[in-house]
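Just so you know, all these numbers are worked out from the coordinates, no wet-lab data involved. All values reported here derive from a predicted model rather than from experimental measurement. Don't worry about glycine lacking a Cβ; one is built from the backbone with ideal geometry, like all the others, and counts go over all protein chains shown.
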Amino acid sequence: MRFSCFWGAAGLIALAASVPTTKRATGKPVFAHYMIGEIYDEHTRQDIVDAKALGLDAFALNFDQFASWSEDTVDRLFSNADELGFGLFFSFDHAAGHLTDPSQYTEYLKKYTTRTSYFEYDGRPLVSTFGGENINNDQWISFKSSVGSILLIPGFYQNPPASSIFTNTPALDGVFNWNSWPDSSAGRVTVPTVSDTAYQSAASSASKLFMMGMSPIQFKHLSTSQNWYRRGEQNLEYRFAQVLSLQPDMLQLQTWNDAGESHYMGNLWEEPMTSSPIHGYTDGYDHKGYWNILKSFIEAWKRGDMSTANMVPTNDKAVQGAFWHHTLLVGASCGVGGLDKSLDVTNNVEDAVSGVVLVEKGRSGLMAVVNVGGNELGKMTLVEGFNRFKFTGLTTGKVQLEVWDGSNMIGGGYAPIEVANAGTICNYNFQVVGFPG
């Protein structure tokens, strides 16, 4: 059996026992972008187990170069995915400089598209990219002719998107919009949907597919040329409603494990980051707290919900949620003698605590309170279902969120790292705290 997102009725009944529970006959799957590094077998396996538990259908494998470490990791992933009943497909990275033409990975791709776990949509293996806007239509035609029947949905980050994308490259079967954050020049704004609707409209007009992205933040702090921030405030908590309203054909979380850009939502393992300066802004910054809200969102997406109204706890408790914030204030002194904070930080970061609280149906009268350093930062009355918040005025100290039912505290979370006004490293990654209630 190939790992497919399309099943006829008879096949669905006959194969019900063996079809992974993450597959849906409605054909609107959800993926997570997965960076290929040197990752041990037991860790690739754990990633798959955790992704399945969240409700993901597949990993989009970001493959940017041929090397023993990258090919070994891919083999480990496919072996575990074959066994565990999880989907994988390639997202060939054209931005890293190693891959410049699809012909470079034609034969390599063909080795995997027949694997049990290779993800298919409507019976065709899905193939994506990061970048590749410069590849012309003839190159894509040649590529598709060589690899056989595939569904080609490249991931583009050109902004603004070209409305003529499918006129100029009709060989494409769809497009994935990589831009899930405001541009760094936009200032302190809510994540926009302008490029999403432009791509979606172009795809719809050409009878093509549109894949939308969703990401919590983008922060990189490695060198003077790799030092930027794309806004996380007013992003993920708004993106849930945007995705459900726009109803793209597919959805991709950015990312499962990209530590370098801080938008990881899954496990981070030591082996791909050995001796890397990335440790300076990711050690102690676990982002798995997002799982407390992602699972409910994925369930809403798979039900076909058009809003967040029915996002409720998945833990059989009254409340569940997550909150996030920076651990350095915007005006903090940092990077003395090293790498300074970027202007992106100064122009886009806010001293704020943001988050989502999910409340079980039929529950009312609850209050969420956020404290910093023992002082109240903000509070809000909660409604059943989905509640998002942002409290500005963050100061130094530890952050905590408590949910109260009258005089009884029924849930909450406590951030382990204190907010500071000075730091050796200009670290504007998010501290993410999940609370299961």
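What FRET efficiency comes out for the pair Ser333/Ser185, r = Cβ-Cβ distance, R0 = 22 Å, nearest 0.05?
The formula returns an efficiency of 0.30 here.
Which helices of the chain meet both criteria: a Cα extent of 30 Å or more along the helical axis and a mean Kyte-Doolittle score no lower than -0.5, with helices taken as whole DSSP H segments?
Going by DSSP H runs, there are no hits.
Roughly what would the spin-label model give for Asp286 and Ala162, points 7 Å off Cα along C-beta, in nm?
4.6
Taking 0.36 nm per intervening residue step and subtracting the Cα-Cα distance, what contour gain separates Asn137 from Leu84 on full extension? Spell out each step's value before the answer.
Details: separation 53, 0.36 × 53 = 19.08 nm, distance 3.68 nm.
Length difference between fully extended and current span is 15.4 nm.
Work out the length of the dipole vector of region 319-435 about its Cα centre, built from +1 on the beta-carbon of each Lys and Arg and -1 on the beta-carbon of each Asp and Glu, and round it to the nearest 20 debye.
Working: 7 positive and 10 negative charges, 30 e Å.
Dipole magnitude for region 319-435 comes out near 140 debye.
Please find the FRET efficiency linking Thr100 to Asn408, where r is the Cβ-Cβ separation and R0 is fixed at 51 Å, and quote it to the nearest 0.05. Don't skip to the end; give the middle numbers.
Values: r = 61 Å, r/R0 = 1.20.
Plugging the Cβ-Cβ distance into 1/(1 + (r/R0)^6) gives 0.25.
Give the lysines whose C-alpha is closer than 25 Å to that of Lys52, dropping any in the same chain fewer than 8 places away, or say none.
Lys23, Lys28, Lys111, Lys288, Lys295, Lys302, Lys317
Is there a quick way to get the dipole size of the chain? I mean about its Cα centre, with the Cβ of Lys and Arg at +1 and of Asp and Glu at -1; what is the value in debye to the nearest 20? Working shown, then result.
Values: 30 positive and 44 negative charges, 225 e Å.
With Lys and Arg at +1 and Asp and Glu at -1, about 1080 debye.
Multiply the residue separation of Leu222 and Tyr108 by 0.36 nm, subtract the distance between their alpha-carbon atoms, and state the gained length in nm to one decimal. Intermediate values should be presented prior to the final figure.
Values: separation 114, 0.36 × 114 = 41.04 nm, distance 3.14 nm.
My answer for the length gained is 37.9 nm.
Among all the aspartates and glutamates, which ones have a C-alpha under 18 Å from Lys341's C-alpha, if same-chain residues fewer than 8 places away are not counted?
Answer for Lys341, where 18 Å is the Cα cut-off: Asp183, Glu233, Glu261, Glu350, Asp351, listed by chain and number.
Starting from the Cα-Cα distance between Ser68 and Asp50, subtract it from 0.36 nm times their residue separation and give me the gain in nm to one decimal.
Numbers: separation 18, 0.36 × 18 = 6.48 nm, distance 2.58 nm.
Between Ser68 and Asp50, full extension yields 3.9 nm more.
Taking R0 as 60 Å, what's the FRET efficiency between Ser207 and Ala420 from their Cβ-Cβ distance, rounded to 0.05?
The calculated FRET efficiency here is 0.65.
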